[in-house]
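My questions will all concern the structure given below.
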Amino acid sequence: MAETTFSNATQILEPFRGIKRVTIEEYFTSGHRTCQGCESALVMKLMVKAAGPRTIVLGSTGCMYVANTTYYTTPWVVPWMHTQLGSSGSAALGTAAGLKVLMRKGKMKSEPINVIAFCGDGGGADMGVGAISATLTHKEYNSLILLYDNESYANTDIQLSGMTPYGANTTFSPPGKVKRLIHTRWKKNMAGMMAAGHPECRYVATVCASYAVDMMNKVRRALTIGGPTFIHSLDPCPKGWDYDPMLSHELGELAIETGLFPLYEIEDGVLKFYGKTKAIVDGRARKPVREYLLKQGRFAHFTEEDLAHFQAKVDEMWDKWEIPGVIPFKRLDAARAALDVK
Ligand SMILES: Cc1ncc(C[n+]2csc(CCOP(=O)(O)OP(=O)(O)O)c2C)c(N)n1
Ligand code: SF4
Ligand SMILES: [Mg+2]
């Protein structure tokens with residue numbers, strides 16, 4: 001009885017209305033050893049800044065574990081725990097459940113504590129997708145799973161993941177003389193998949209740290225709304241994507257402006273596009289995807305034909321998908337729909 005009626009209260013984290021309203025306190029500070037220009041480190045900093053001090057962070061193996069916990073140093077100011085590579089979902093659920101039980105038994109002060117588990121694309125979108133999916137079915141436990149997507153298994157030297165873009169050069173897909181493109185699969189659609197398949201999950205969003213306030217506000221919304229929530233962050237990675245570290249912010253912007261990575265949130269089944277993605281949905285022209293691809297060494301081997309194929313796939317997301325850039329079911333044209341009705 002007590003178990004089911006026990007409070008599921010969350011912290012009420014109002015959105016920051018503009019950059020000047022963002023709090024100055026930091027909970028991810030100096031002491032990490034990520035590469036210069038690492039966008040994922042910025043994501044950690046913004047994520048926990050948005051969440052505030054009463055937060056527990058759990059992190060899967062990967063760059064954001066290894067580079068952030070060099071022996072005897074850590075940038076984390078809030079309680080932090082490492083979890084196994086494929087276990088962000090289990091860690092989030094277990095921690096949320098553990099806190100709830102300790103509070104119910106009076107062993108801890110009863111208060112809403114944010115639980116955030118982060119994972120990389122390898123740990124989250126490949127290895128740990130089952131555990132994340134399971135967690136998103138447990139509406140009685142509040143947690144946020146944030147997938148930081150640097151599009152490779154970066155920590156172990158840039159191996160291909162299910163989130164690596166079409167044609168990219170990785171240590172598992174080096175372009176060769178006989179075969180120019182080793183990796184010819186289109187990347188997974190994690191946010192769309194999580195949103196479409198988890199009716200108990202009230203909030204799914206996509207973010208990019210190039211749009212910091214938008215990103216922090218989505219973290220705050222995810223934590224406030226409660227239950228299990230999911231955010232997918234696209235993170236430029238100078239080492240894996242092979243570009244000058246000063247371009248991280250610009251590449252994040254280009255991913256949005258080319259339409260490759262749409263910014264949106266789905267709250268209680270209602271979809272809202274954000275920022276430049278919303279402008280694109282409202283008719284603004286997308287930048288050519290070559291502007292994004294050709295700034296990165298991992299696509300340096302691309303021919304005009306490869307660029308055209310990539311562009312065509314992005315065009316398809318916008319012109320043919322049922323919901324542009326979100327859900328990849330092809331729209332039925334009017335004639336086909338009419339036939340089906342008969
Ligand atoms: C079960 C298991 N297999 C392999 C590894 C080795 N490993 C450590 S980090 C890592 C890469 C993880 O990639 P991702 O989740 O994308 O995070 P990133 O390193 O890119 O930040 C791998 C393969 C491991 N720690 N555990
Ligand atoms: S390899 Fe990429 S994700 Fe890892 S620390 Fe370096 S820039 Fe960051
Ligand atoms: Mg990765």
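The values are calculated or read from the model by the stated rules, or taken from the named source; none is laboratory data. As the structure is a computational prediction, the values presented were derived from the model and not from experiment. Every residue, glycine among them, receives a Cβ derived from its backbone with ideal geometry; neighbour counts consider all protein chains shown. Please note that ligands, DNA and RNA were not included when accessible areas were found on the heavy atoms of the full protein model with its side chains. Shrake-Rupley method; radii C 1.70, N 1.55, O 1.52, S 1.80 Å.
Name, by its number, the condition in (1) closer than 30 Å to Leu307 by Cβ; (2) open to solvent by 30 Å² or more (accessible area, probe 1.4 Å) that does not hold for Ser90.
Status for Ser90: all satisfied but (1).
For residues that are more than 13 Å from ligand 2 (Cβ to nearest atom) and part of a loop (DSSP other than H, G, I, E, B), tally how many sit in segment 62-77.
Result for segment 62-77: 5.
Go through segment 62-81 and count every residue that is open to solvent by 40 Å² or more (accessible area, probe 1.4 Å) and within 16 Å of ligand 3 (Cβ to nearest atom).
Qualifying residue count, segment 62-81: 2.
Ok, one more. Which one of the conditions (1) within 16 Å of ligand 1 (Cβ to nearest atom); (2) part of a helix (DSSP H, G or I); (3) open to solvent by 30 Å² or more (accessible area, probe 1.4 Å); (4) not hydroxyl-bearing (Ser, Thr, Tyr) does Arg33 fail to meet, given that it meets all the rest?
The single condition Arg33 does not satisfy is (2).
Do the conditions hold for Glu305, that is, is it within 28 Å of Met44 (Cβ to Cβ), at pLDDT 95 or above, open to solvent by 10 Å² or more (accessible area, probe 1.4 Å) and not in a loop (DSSP other than H, G, I, E, B)?
Judged against the criteria, Glu305 is not a match.
In segment 118-154, which residue that is surrounded by fewer than 21 Cβ atoms within 10 Å (Cβ to Cβ) and not aliphatic (A, V, I, L, M) is nearest to ligand 3 (Cβ to nearest atom)?
Restricting to residues being surrounded by fewer than 21 Cβ atoms within 10 Å (Cβ to Cβ) and not aliphatic (A, V, I, L, M), the top hit is Asp126.
Taking only segment 251-284 into account, find how many residues are assigned to a helix (DSSP H, G or I), aliphatic (A, V, I, L, M) and more than 17 Å from the chain's Cα centre (by Cα).
Looking only at that region, the number is 3.
For segment 153-250, which fully contained helices (runs of 4 or more DSSP H) count at least 1 residues that are of a type outside the set (D, E, K, R), within 16 Å of ligand 1 (Cβ to nearest atom) and farther than 19 Å from Ser60 by Cβ?
Qualifying helices (runs of 4 or more DSSP H): 238-241.
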